[in-house]
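Novice: Just passing along the structure, written as structure tokens.
The values are calculated or read from the model by the stated rules, or taken from the named source; none is laboratory data. In this text the structure is predicted, and so the values were computed from the model without any measurement. Cβ placement follows ideal geometry from the backbone for every residue including glycine, while neighbour counts extend to all protein chains displayed.
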Amino acid sequence: MIVSNRVAVPSRKAGASAGGLAVALNDVLRARGGLWFGWSGRIGAEQDDAVLVERGNVTYAVCDLSHEDYEEYYNGFANRTLWPLLHYRLDLTEFARRDLAGYRRVNAYFADLLLRHVRPDDVLWLHDYHLIPLAEALRARGLHNRIGYFQHIPWPSPDLFLALPNHAEIARALCACDLVGFQTERDAHNFGRYLVEEFGASACEGRRMSVAGRELRIGVYPVGIDRLGYARTAARAGRSAFIREVRESLSDRTMLIGVDRLDYSKGLTQRLDAFERVLAVAPEWRGRLTFLQITPKSRSDIPEYAAMQRALGETAGRINGLYGEANWTPIRYVNRSYTRGELAGLYRLAKVGVVTPLRDGMNLVAKEYVAAQDPEDPGVLVLSRFAGAAAVLDGALLVNPYDIDGTASAIRQALAMSGDERRWRWNAMWSRLAETDIGGWAGRFLGDLDGLNGVPAPSDDS
Ligand code: G6P
């Protein structure tokens with residue numbers, strides 16, 4: 001059973017706003033089958049049981065949230081407390097006891113609904129920061145099944161995490177799991193260090209820790225993509241009418257691309273500033289570049305996100321006003337989402353992929369950009385060193401996204417790069433993508449969870 005706040009029940013138009021988690025889990029479930037439980041995305045009355053939707057070998061079990069739940073749990077503790085804190089943004093972290101109570105309440109609600117569907121030999125795989133207290137809530141209701149948790153977003157150093165007033169409660173709740181997985185060595189190390197320093201946990205061999213009388217295993221499982229499937233989609237999309245139209249609209253200009261949810265963690269203002277710097281210091285590129293920034297709106301009820309929407313629109317407008325011509329707009333800033341196929345085709349068309357988050361758990365756009373390229377004539381990836389993907393994609397031009405001049409230089413280097421260098425960099429990244437292929441990611445996590453001592457292994461029909 002997979003549990004996450006956001007459940008992506010497939011529709012004909014899977015938009016880019018879904019975020020990395022939904023993309024990753026849909027790929028896993030399509031391959032393995034199972035049940036996926038979570039929020040329906042709707043606001044209504046809390047339910048006595050989840051609504052089940054069957055699609056092929058996957059059952060989606062979804063429930064509504066009340067207005068208070070949505071405000072306190074989703075907009076509140078998950079996205080105004082944990083999200084900024086875990087992305088190293090103490091300056092944006094808000095803490096309200098009411099939100100914490102809502103966060104606990106919704107996790108208890110999920111636990112009650114889940115219990116109706118869990119069979120004795122089911123393995124539960126929980127996902128992301130919305131659900132940190134869920135394993136503990138399930139254990140309190142007498143559930144002994146094996147439970148794993150995967151953190152899709154970063155886990156900061158104890159120095160930052162200690163700023164959370166109820167840090168011990170949150171961290172202890174995760175210890176009700178059998179296995180806790182992270183995207184990078186750094187995240188896993190930060191969590192382990194917290195347990196040692198704050199709870200006196202003993203670090204044992206192979207990241208098995210003994211915390212509060214329970215054994216907990218910590219692991220690193222960088223999430224990936226189905227690189228071959230994605231490459232095929234991109235090659236097909238490259239020949240579509242949609243991409244032909246976009247290509248014609250460029251009139252031989254070189255396209256750069258960025259694709260991100262509208263979120264302050266993505267470094268969008270700094271990215272547009274870096275593009276402006278390219279136009280300022282390298283006038284030979286004026287009139288010859290088109291930066292396509294696709295940014296579906298996200299979490300718009302949260303004030304920091306609404307403020308960011310305004311700021312980014314202003315920045316794009318200012319740069320277009322300053323450098324644009326009657327026949328040329330430097331930045332195409334688009335707030336809508338595109339299907340997976342359309343995006344794959346756009347990645348293939350773009351000569352530079354600019355993925356410059358200030359902090360990101362992994363960032364699958366970086367991996368998709370690489371997988372979408374034409375191996376004979378690949379584009380160049382400019383990638384933030386603060387994205388988890390940087391640990392794998394060492395053929396990218398790695399940048400510090402806070403350094404506007406440095407990012408602008410990397411973009412210029414990408415634009416001027418020879419075909420030979422582009423090909424060897426791309427080949428290096430393409431082979432590394434195989435290490436974190438999406439099926440392998442789920443297989444490794446679930447294999448480790450199955451292999452733990454002391455808990456019965458699931459039977460074949462689970
Ligand atoms: C990130 C998070 C996911 C989340 C997604 C979209 O990828 O790791 O848990 O679902 O953003 O955000 P949203 O608030 O729309 O679910």
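Novice: For segment 46-87, name all the residues that are without any contact (Cβ under 8 Å) to a residue 24 or more places away in the chain and of a type in the set (S, T, N, Q).
Specialist: The one that is without any contact (Cβ under 8 Å) to a residue 24 or more places away in the chain and of a type in the set (S, T, N, Q): Ser66.
For (1) more than 25 Å from the chain's Cα centre (by Cα); (2) more than 30 Å from Asp121 (Cβ to Cβ), each residue gets a yes or a no:
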position	(1), (2)
Leu134	no, no
Leu138	yes, no
Gly142	yes, no
Leu160	no, yes
His167	no, yes
Ala171	no, no
Gly181	no, no
Ala188	no, no
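Novice: Can you find a residue in segment 84-92 that is modelled with pLDDT of 95 or more, more than 16 Å from the ligand (Cβ to nearest atom) and more than 17 Å from the chain's Cα centre (by Cα)?
Specialist: yes
Novice: Starting from residues that are more than 26 Å from Gly287 (Cβ to Cβ) and of a type in the set (A, V, I, L, M), keep the ones in segment 326-353 and report whichever is surrounded by the most Cβ atoms within 10 Å (Cβ to Cβ).
Specialist: For segment 326-353, the residue satisfying everything is Ala344.
Novice: Being surrounded by 12 or more Cβ atoms within 10 Å (Cβ to Cβ) and part of a strand (DSSP E or B) is the filter here; which residues of segment 189-210 pass it?
Specialist: Answer for segment 189-210, where residues must be surrounded by 12 or more Cβ atoms within 10 Å (Cβ to Cβ) and part of a strand (DSSP E or B): Ala203, Arg208, Met209, Ser210.
Novice: Still on this structure, please answer the following. Among (1) in contact with a helix residue (DSSP H, G or I) (Cβ under 7 Å, 6 or more places away or on another chain); (2) more than 22 Å from Phe150 (Cβ to Cβ); (3) within 12 Å of the ligand (Cβ to nearest atom), which single condition is Tyr70 missing?
Specialist: (1) is the only condition that Tyr70 fails.
Novice: Same structure, new question: Quick check, is Asp301 at pLDDT 95 or above, crowded, with 22+ Cβ neighbours inside 10 Å and of a type in the set (Asp, Glu)?
Specialist: no
Novice: List every residue pair whose Cβ atoms lie under 9 Å apart, where the two residues are 6 or more positions apart in sequence or sit on different chains, the first residue falls within segment 1-23 and is among the hydroxyl-bearing types (Ser, Thr, Tyr) and at pLDDT 65 or above, and the second residue, located anywhere, is in a loop (DSSP other than H, G, I, E, B) and within 7 Å of the ligand (Cβ to nearest atom).
Specialist: Once the first residue is among the hydroxyl-bearing types (Ser, Thr, Tyr) and at pLDDT 65 or above and sits in segment 1-23, its partners that are in a loop (DSSP other than H, G, I, E, B) and within 7 Å of the ligand (Cβ to nearest atom) give Ser4/Asp128; Ser4/His152.
Novice: Another question, if that's okay. Applying the selection to segment 137-150, what residues are buried (at least 18 other Cβ atoms within 10 Å of the Cβ) and in contact with a Leu (Cβ under 8 Å, 6 or more places away or on another chain)?
Specialist: Leu138, Leu143, Asn145, Arg146, Ile147, Gly148, Tyr149, Phe150, listed by residue number.
Novice: Here's a follow-up. Quick check: is even one residue across segment 109-125 more than 16 Å from the ligand (Cβ to nearest atom), in contact with a helix residue (DSSP H, G or I) (Cβ under 6 Å, 6 or more places away or on another chain) and assigned to a helix (DSSP H, G or I)?
Specialist: Scanning segment 109-125, I find at least one residue that is more than 16 Å from the ligand (Cβ to nearest atom), in contact with a helix residue (DSSP H, G or I) (Cβ under 6 Å, 6 or more places away or on another chain) and assigned to a helix (DSSP H, G or I), so the answer is yes.
Novice: Please identify the pairs in which a residue from segment 146-169 that is without any contact (Cβ under 8 Å) to a residue 60 or more places away in the chain and assigned to a helix (DSSP H, G or I) has its Cβ atom under 7 Å from the Cβ atom of a residue that is among the aromatic types (Phe, Trp, Tyr) and surrounded by 16 or more Cβ atoms within 10 Å (Cβ to Cβ), counting only partners at least 6 apart or on another chain.
Specialist: Pro158/Tyr194; His167/Phe161
Novice: Test Leu134 against the criterion of being under 23 Å from Ile218 (Cβ atoms) and within 15 Å of the ligand (Cβ to nearest atom), and give yes or no.
Specialist: Answer is yes for this residue.
Novice: To continue, here is another question. Do you know which residues across segment 280-293 are assigned to a helix (DSSP H, G or I) and either within 16 Å of the ligand (Cβ to nearest atom) or crowded, with 21+ Cβ neighbours inside 10 Å (or both)?
Specialist: none
Novice: Among the residues that make up segment 74-87, is at least one of them under 18 Å from Leu138 (Cβ atoms) and surrounded by 15 or more Cβ atoms within 10 Å (Cβ to Cβ)?
Specialist: no
Novice: Another question, then. Of the residues that sit in segment 406-443 and are among the hydroxyl-bearing types (Ser, Thr, Tyr) and not in a helix (DSSP H, G or I), which one is modelled with the highest pLDDT?
Specialist: Going through the qualifying residues, I end up with Ser418.
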